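**Student:** Sharing a structure with you now.
The values are calculated or read from the model by the stated rules, or taken from the named source; none is laboratory data. Fair warning: this is a prediction, and the values are worked out from it, not measured in the lab. Cβ coordinates were reconstructed from backbone atoms using ideal geometry, including for glycine residues, and neighbour counts include every protein chain displayed.
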Amino acid sequence: MFDKQSVSLEWAGRTLKIETGQVARQADGAVMVSYGDTTVLATAVYAKEAKPGQDFFPLTVNYMEKYYASGRIPGGFFKREGRPTEKETLTSRLIDRPIRPLFVDGFKNEVQVVLTAISYDLENDPDILGMIGASAALVLSGAPFMGPIGAARVGYKDGNYVINPTVEELEESELDLVVAGTADAVMMVESEAKELSEDIMLGAVMAGHEAMQPVIDAIIKLAEAAAKEPFEFEAEDLSDELAAIQKLVGADLSKAYQITEKLERQAAVGEAREKAAAALVATEENEDGMDPNVFKSAFKKAEAKVVRGDIIKTGKRIDGRSLDQVRPILAEAGFLPRTHGSALFTRGETQAICVATLGTSDDEQFIDGLDGTRKEKFLLHYNFPPYSVGEAGRMGGTSRRETGHGKLAWRALRAVLPEHEEFPYTIRMVSEITESNGSSSMATVCGCSLAMMDAGVPLKRPVSGIAMGLIKDDEGVAVLSDILGDEDHLGDMDFKVAGTEKGLTSLQMDIKIAGITKEIMETALEQAKGGRAHILAEMAKGLDTVRESLADNAPQMEIIKVPEDKIREVIGSGGKVIRGIVDESGAKVNIDDDGTVQVSATDRESIDKALKMIKEIVAEPEVGEIYEGKVVSIKDFGAFVNFFGPKDGLVHVSQMANERIGHPKDVVSEGQQVYVKLMGFDDRGKVRLSMKNIDQETGKEVTQEAAE
């Protein structure tokens with residue numbers, strides 16, 4: 001019934017197994033990838049012909065995590081998986097990036113790759129298995145895919161690289177780097193680091209590339225046994241159409257791409273496009289003209305040829321810069337008057353308004369996943385509205401791109417955040433992209449770094465980021481610093497580097513060709529280092545150190561520790577005591593299971609009042625000390641005084657004054673504030689208080705003679 005085929009290998013101390021032929025047999029390609037007890041089902045399906053008029057490559061990658069994989073039931077009312085989580089969205093993008101460039105140029109048939117995490121052992125993250133599974137499923141499907149690719153995760157601890165570290169090992173690692181590539185070259189890098197050097201980061205990339213080679217060999221071995229016949233596809237030859245466009249408007253395009261201002265340049269390119277289309281595209285009068293979609297593809301190639309050729313030949317870029325030159329930067333901190341921290345960061349025609357908001361533990365984000373529910377204290381949200389590129393577009397939910405760019409900036413900044421014990425705030429960053437012409441994610445890194453400093457967040461060091469590009473063809477190689485949008489679209493690489501003066505905190509690379517070499521990456525990293533240093537210096541002109549105090553409207557906060565056996569007393573029955581503290585003081589109070597109490601308010605008086613009330617509850621009164629209290633009830637034999645938080649004690653009538661009195665009411669009344677001295681406890685543990693020899697005006701103890 002089943003024609004089951006499988007390959008397995010020992011990989012970084014665990015068994016990796018790839019199976020096909022038993023599950024999802026109607027898909028064009030399907031594999032089950034297992035590593036430890038983590039399993040991912042990977043499927044690939046492609047249309048056998050393109051839709052009429054299709055002018056782009058419609059590849060969709062969907063990574064999904066099923067809660068049953070780790071024996072959990074989803075939260076929420078519906079109790080089933082819903083819209084993609086941030087982890088699923090990011091992993092879908094992670095898998096898409098290295099496989100997209102490897103489809104044959106010109107292939108526009110719809111392709112869908114679905115990865116489903118169906119078993120999770122809480123040790124081995126399914127994302128690497130998803131990437132391996134996507135590669136294997138595509139190779140087996142017969143689609144025109146120039147794979148396979150492999151993938152690996154690399155950690156770094158005690159000077160050593162760790163291949164495929166477990167979830168627990170990653171917590172102690174200075175690096176979390178994912179690399180994907182073919183047998184010959186690296187295709188994609190995604191990473192988060194704790195200020196590591198360029199050499200260490202490059203070494204990690206190469207270590208991961210070397211480690212994935214047995215996986216690539218295993219996929220090839222499986223394909224030899226189980227792959228379907230290759231799909232017959234031949235890319236359309238556009239050389240004649242390209243030549244016709246170049247002959248007609250080549251000079252116009254070259255002139256247009258010498259205009260430095262983006263919108264003017266786009267208008268000039270648009271005029272050249274219209275001129276070429278009028279002469280070359282098929283119409284009723286010109287039936288022998290080009291198909292509109294063929295013209296569109298050929299014109300894009302003409303644009304690329306002009307831009308790439310000019311850069312290689314002249315060493316000058318679209319806007320006239322040299323290869324390693326960064327656009328003009330203007331950094332302004334404290335841009336908005338009522339926010340906790342803000343910055344306006346402008347680099348050329350890319351601009352971001354970045355805003356920091358400080359909150360308490362009530363503002364932490366609950367994140368639900370296969371490994372359970374956890375809290376996140378640092379949030380970064382990136383918004384990219386259509387007006388930022390001069391367009392009118394639909395405004396909807398957060399796009400995959402916005403999620404990915406926000407996470408890249410989050411990774412770049414996390415390494416420099418203060419420890420929570422030092423700065424116990426929840427931090428939410430928002431980056432509003434108001435203009436975009438190249439690397440708004442790196443503008444977000446720079447702007448958010450400044451905004452946090454403006455908010456008084458004690459960052460270890462400021463972080464800057466830069467996007468590098470690549471032009472590589474038969475004419476030569478050019479590495480570009482601080483790329484424009486057009487250089488990104490028409491170039492071969494998007495290589496984002498972020499870090500401090502001490503080292504790198506994040507590295508992301510996407511390649512549009514069949515990979516790049518170690519030497520090119522080395523050049524890009526070295527060139528990026530100079531660019532980052534320049535940007536840090538420009539940022540310092542806006543703000544060179546962390547503000548000494550928080551904004552007036554930011555919550556002030558203090559943390560104390562109470563004994564765990566006193567937690568119940570602070571909370572009270574049904575939360576009665578802690579609600580009373582909040583109502584009376586005006587402060588917000590949160591208490592953790594370990595006795596950590598977080599008190600916050602916008603004014604210091606409220607915090608001090610709440611702290612005093614809490615300390616009175618948890619502290620033990622000391623014999624011989626004088627306390628201020630309130631008379632709560634009067635009896636014939638004395639008065640009960642609430643003198644230490646919820647604690648009451650008896651002042652016997654004989655202890656109310658130095659002289660003999662008839663009745664306690666002759667000395668005190670209910671609700672009166674009095675000073676009392678703790679004398680001790682009787683044999684039943686009851687508190688004994690005294691008002692003798694205490695000046696009720698000052699609370700000071702006086703001698704017997706002075707009292708008389």
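**Student:** Which one of these is farther than 24 Å from residue 575 by Cα, assigned to a strand (DSSP E or B) and among the small types (Gly, Ala, Ser): 657, 639?
**Tutor:** Result of the check over 657, 639: 639.
**Student:** So which of 527, 508 ends up being among the polar types (S, T, N, Q), part of a helix (DSSP H, G or I) and surrounded by 15 or more Cβ atoms within 10 Å (Cβ to Cβ)?
**Tutor:** 527
**Student:** Here's another thing I want to ask about it. Say whether the condition of being in a helix (DSSP H, G or I) and either β-branched (Val, Ile, Thr) or modelled with pLDDT under 95 (or both) is met by at least one residue in the stretch 129-149.
**Tutor:** Yes, some residue in the stretch 129-149 is in a helix (DSSP H, G or I) and either β-branched (Val, Ile, Thr) or modelled with pLDDT under 95 (or both).
**Student:** Being within 13 Å of residue 570 (Cβ to Cβ), under 34 Å from the mean Cα position of the chain (by Cα) and not assigned by TED's automatic domain parsing to the domain that holds residue 641: is that true of residue 595 here?
**Tutor:** So residue 595 passes the test.
**Student:** Could you check the stretch 206-244 and list, in sequence order, the residues that are of a type outside the set (A, V, I, L, M, F, W, C), touching a Gly at 6+ places or on another chain (Cβ under 6 Å) and outside any loop (DSSP other than H, G, I, E, B)?
**Tutor:** 209
**Student:** Still on this structure, I have one more. Residue by residue through the stretch 167-185, note down the ones that are surrounded by fewer than 24 Cβ atoms within 10 Å (Cβ to Cβ) and of a type in the set (A, V, I, L, M, F, W, C).
**Tutor:** The answer is 167, 170, 175, 178, 183, 185.
**Student:** Do any residues in the stretch 374-398 that are in contact (Cβ under 8 Å) with a residue 60 or more places away in the chain have Cβ atoms under 7 Å from those of residues that are of a type in the set (Asp, Glu), where the two are at least six apart or on different chains, and which pairs are they?
**Tutor:** Within 7 Å, the pairs are 382/402.
**Student:** Within the stretch 1-42, track down each residue that is touching a residue at least 40 places away in the same chain (Cβ under 8 Å), of a type outside the set (Gly, Ala, Ser) and farther than 15 Å from residue 130 by Cβ.
**Tutor:** Within the stretch 1-42, 3, 5, 7, 9, 11, 14, 20, 28, 37 qualify.
**Student:** Ok, one more. Residue 362 passes all but one of (1) more than 22 Å from the chain's Cα centre (by Cα); (2) surrounded by fewer than 18 Cβ atoms within 10 Å (Cβ to Cβ); (3) part of a helix (DSSP H, G or I); which number fails?
**Tutor:** Result: residue 362 fails condition (1) only.
**Student:** (1) at pLDDT 85 or above; (2) in a loop (DSSP other than H, G, I, E, B); (3) within 18 Å of residue 236 (Cα to Cα); (4) not polar (S, T, N, Q): which one isn't true of residue 288, the others all being true?
**Tutor:** (1)
**Student:** Taking the condition touching a strand residue (DSSP E or B) at 6+ places or on another chain (Cβ under 9 Å), touching a residue at least 40 places away in the same chain (Cβ under 8 Å), closer than 25 Å to residue 609 by Cα and of a type in the set (Gly, Ala, Ser), does residue 680 pass?
**Tutor:** no
**Student:** Might you let me know whether the stretch 570-585 holds any residue that is among the β-branched types (Val, Ile, Thr), out of contact with any strand residue (DSSP E or B) (no Cβ under 9 Å at 6 or more places or on another chain) and surrounded by 15 or more Cβ atoms within 10 Å (Cβ to Cβ)?
**Tutor:** yes
**Student:** When only residues in the stretch 634-685 that are at pLDDT 85 or above and of a type in the set (Phe, Trp, Tyr) count, which is farthest from residue 621 (Cα to Cα)?
**Tutor:** Restricting to residues being at pLDDT 85 or above and of a type in the set (Phe, Trp, Tyr), the top hit is 637.
**Student:** Yes or no: the stretch 93-107 includes at least one residue that is within 29 Å of residue 298 (Cα to Cα), modelled with pLDDT under 95, part of a loop (DSSP other than H, G, I, E, B) and of a type in the set (Phe, Trp, Tyr).
**Tutor:** Yes, that holds for at least one residue.
**Student:** Then there is this: Cβ contacts < 7 Å: first residue free of Cβ contacts under 8 Å to residues at least 24 places away in the same chain, restricted to the stretch 146-168; second residue among the charged types (D, E, K, R) and crowded, with 24+ Cβ neighbours inside 10 Å, any location; separation 6+ or different chain. Result?
**Tutor:** So the pair list comes out as 165/153.
**Student:** Just to be sure I understand, how many residues within the stretch 92-106 are in contact with a Pro (Cβ under 8 Å, 6 or more places away or on another chain) and either buried (at least 16 other Cβ atoms within 10 Å of the Cβ) or free of Cβ contacts under 8 Å to residues at least 40 places away in the same chain (or both)?
**Tutor:** Count: 2.
**Student:** Also: Scanning the stretch 365-381 for residues that are assigned to a loop (DSSP other than H, G, I, E, B) and touching an Asp or Glu at 6+ places or on another chain (Cβ under 6 Å), which turns out nearest to residue 120 (Cα to Cα)?
**Tutor:** If we take residues in the stretch 365-381 being assigned to a loop (DSSP other than H, G, I, E, B) and touching an Asp or Glu at 6+ places or on another chain (Cβ under 6 Å), then 370 is nearest to residue 120 (Cα to Cα).
**Student:** Before we move on, is residue 318 touching a helix residue (DSSP H, G or I) at 6+ places or on another chain (Cβ under 8 Å) and closer than 30 Å to residue 85 by Cβ?
**Tutor:** no
**Student:** Sticking with this one: Tell me, yes or no, whether the stretch 283-295 has at least one residue that is more than 23 Å from residue 54 (Cα to Cα), of a type outside the set (Phe, Trp, Tyr) and under 41 Å from the mean Cα position of the chain (by Cα).
**Tutor:** No, the stretch 283-295 has no match at all.
**Student:** Could you count how many residues in the stretch 6-32 are modelled with pLDDT under 95 and either touching a Leu at 6+ places or on another chain (Cβ under 6 Å) or outside the structural domain of residue 148 (by TED's automatic domain parsing) (or both)?
**Tutor:** Final tally of qualifying residues: 0.
**Student:** Of all residues in the stretch 29-40, which are surrounded by fewer than 20 Cβ atoms within 10 Å (Cβ to Cβ) and either over 34 Å from the mean Cα position of the chain (by Cα) or not charged (D, E, K, R) (or both)?
**Tutor:** The answer is 36, and nothing else.
**Student:** Look at residue 248 and say whether it is outside the structural domain of residue 13 (by TED's automatic domain parsing) and free of Cβ contacts under 8 Å to residues at least 40 places away in the same chain.
**Tutor:** Taking the combined requirement at face value, the residue satisfies it.
**Student:** Give me the residue from the stretch 155-169 that is of a type in the set (A, V, I, L, M, F, W, C) and assigned to a strand (DSSP E or B) and, out of that set, nearest to residue 196 (Cα to Cα).
**Tutor:** 162
**Student:** Out of the residues in the stretch 494-505 that are surrounded by fewer than 24 Cβ atoms within 10 Å (Cβ to Cβ) and of a type outside the set (Lys, Arg), which is modelled with the lowest pLDDT?
**Tutor:** 494
**Student:** Can you tell me which of (1) within 29 Å of residue 685 (Cα to Cα); (2) surrounded by 17 or more Cβ atoms within 10 Å (Cβ to Cβ); (3) touching a residue at least 24 places away in the same chain (Cβ under 8 Å) is the one residue 547 doesn't meet?
**Tutor:** Among (1) within 29 Å of residue 685 (Cα to Cα); (2) surrounded by 17 or more Cβ atoms within 10 Å (Cβ to Cβ); (3) touching a residue at least 24 places away in the same chain (Cβ under 8 Å), the lone unmet condition for residue 547 is (1).
**Student:** I'd like the full set of residues that are buried (at least 21 other Cβ atoms within 10 Å of the Cβ) and more than 15 Å from residue 497 (Cβ to Cβ), limited to the stretch 189-215.
**Tutor:** 208, 209, 212, 215 - these are the residues of the stretch 189-215 that are buried (at least 21 other Cβ atoms within 10 Å of the Cβ) and more than 15 Å from residue 497 (Cβ to Cβ).
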